[in-house]
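The values are calculated or read from the model by the stated rules, or taken from the named source; none is laboratory data. This one's a predicted model, so the numbers in the text were calculated from it and none came from an experiment. Here the Cβ is made from the backbone with ideal geometry for all residues, glycine too, and neighbour counts use every protein chain on show. For accessibility, only protein heavy atoms count, side chains too; no ligands or nucleic acids. Shrake-Rupley method; radii C 1.70, N 1.55, O 1.52, S 1.80 Å.
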Amino acid sequence: MRATRMVSSVLVLVLMQSGALCARRFRGGRNPQPRRSPPPPTYRADRGDTTESFPLDFTAVEENMDNFMTQVKNLAQSLYPCSAQKLDYDMKLNFLENTSVTCNDGSPAGYYLKESRGSRRWLIFLEGGWYCFNKENCDSRYETMRRLMSSSKWPQTKTGTGILSPLPEENPHWWNANMVFIPYCSSDVWSGATAKTEQSGYAFMGSLIIQEVVKDLLSKGLDNAKVLLLAGSSAGGTGVLLNVDRVAELLEGLGHTGIQVRGLSDSGWFLDNKQYHCTDCVDAVSCAPTETIKRGIKYWGGVVPEKCRQTHEGQEWNCFFGYRVFPSIKSPVFVVQWLFDEAQLTVDNIQLTGQPVQEGQWRYIQNLGIELRNTLKDVPAMFAPACLSHEVITRNYWIDVQVKGTSLPRALHCWDRSLHDNRNNKAPPKGCPVHLIDSCPWPHCNPTCPTIRDQFTGQEMNVIQFLMHMGFDVQKMAQQQGMDPSKLLGMLSSGS
């Protein structure tokens, strides 16, 4: 009897200690300790996601207390979020079960997975990395960026950052979701559905890779999901717009009608605008955006959302541009887009190489911000800071950027709540904005923009230094705005 009471007391004490340890680890500020994981617990072998087995031996407790305490600690770890399993932060590489769906060079496609047992939320992230659109520049890409066309040298594990981070201080609302990272190895903006041919020399199967990953994940717990967020950055962000409805239709067709499929497109909302000056179309960087996509969609055998295809029949390339494809998307999508996107400026032949920009370039940059604002005005859920940058949701500073006092993680949380309330016929939450766009007219006029450094000295630049560096004329700009130059400088200093 005394042993039983002692066992109960010990069990409660160890669980309390384990909980306190967990709280310290997850609430310990922005400098967590180096990630270390103890040996993983054993599992039964009947299923891949089977219940952990921690058999306790209550015999001869008083004679072997050390051994019993070890067993109790193992049990405590299994019951708390900071258990041995949870402390293994890395995502593990898995290759597709369907070996006919491959990377460009025929090597197996795959994904990285970190399961979060007990969570019914899944985040699938599509990596970015430009594209190629003919045999010549795909050959060049294969020589210089083989990682983006082949899985032959992928590492066995990958650590998530930003919205893929398992640390709540870096990822306040999605840290405990099941995380999936799909490496980009199809060079087709996640649109291709064609096998390797003698003429093309490469397979383009980006859209099929997404479909096969989703199918594989159903046996790993996705079948019990409540929410699936398909996210991506750059080419992956455009891939979200092209594939989010296809994923929803796939799951519905397989009988999983209870899974809410949503999209999060980061830095994939490109414009089909006229370049600052035209150049020969040699690669994805030098060509006009419309020209590369026109050539690419034929080379890749690219597929686009059906409703958009019908709207732009014969000119399906239009569906690669956010403002054209968005009206045809049925699934909820949150758009994240810098108003002065570096990749957009690159394809528009605005080269910010440290030299002061010319007046014509400066006007072009300002007009780009205006054009982007106009295309985003009817997007109900979006976050658009007036910054010069590219990609954000997997950056560790993604929690620091704000628009009108609201951070991106907060805006995404508000979006989650609004979708939940809409499904339950509730009024949207007050003081929880989801349509956030900067109104200031210059790059980096938002004081929370990511730090910019001088390319030559490496020194950080404030807003005024950056604008001066780019050739910003305070006197002329103040005159255009109808204000005193000193007042304009004061506004810039405060980020107004």
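Structure summary
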item: Measure of compaction for the stretch 318-415 (Cα Rg per 2.2 N^0.38 Å); result: 1.17
item: Cα shape, the stretch 376-417, gyration tensor, a/c 1.5 rule; result: oblate
item: Probe 1.4 Å - accessible area at Phe181, Å² to nearest ten; result: 20 Å²
item: In nm, spacing of pseudo-spin labels at Glu249 and His312 (7 Å Cα→C-beta vector); result: 1.7 nm
item: Sum of side-chain charges, Trp300 neighbourhood, beta-carbon under 14 Å (Lys, Arg +1; Asp, Glu -1); result: +4
item: Sites Gln199 and Lys476, calculated FRET efficiency, Cβ-Cβ separation with R0 60 Å, nearest 0.05; result: 0.65
item: Simple spin-label estimate for Arg423 and Lys220 in nanometres, 7 Å along Cα-Cβ; result: 2.3 nm
item: The stretch 140-232: GluC sites (Glu not before Pro) falling in loop per DSSP and having at most 16 other Cβ within 10 Å; result: Glu169, Glu198
item: Residue-span extension gain [Thr257 to Thr161] - 0.36 nm each, minus C-alpha spacing; result: 31.5 nm
item: Pair Arg117, Asn94: separation of 7 Å Cα→Cβ label points (nm); result: 1.5 nm
item: Accessible area in the full protein assembly, largest first, 1.4 Å probe, for His420, His390; result: His420, His390
item: Most to least accessible of Thr292, Thr197, Thr375 (protein chains only, probe 1.4 Å); result: Thr197, Thr375, Thr292
item: Summed side-chain charge close to Ser418 - residues other than Ser418 whose Cβ falls under 14 Å, Lys, Arg +1, Asp, Glu -1; result: +4
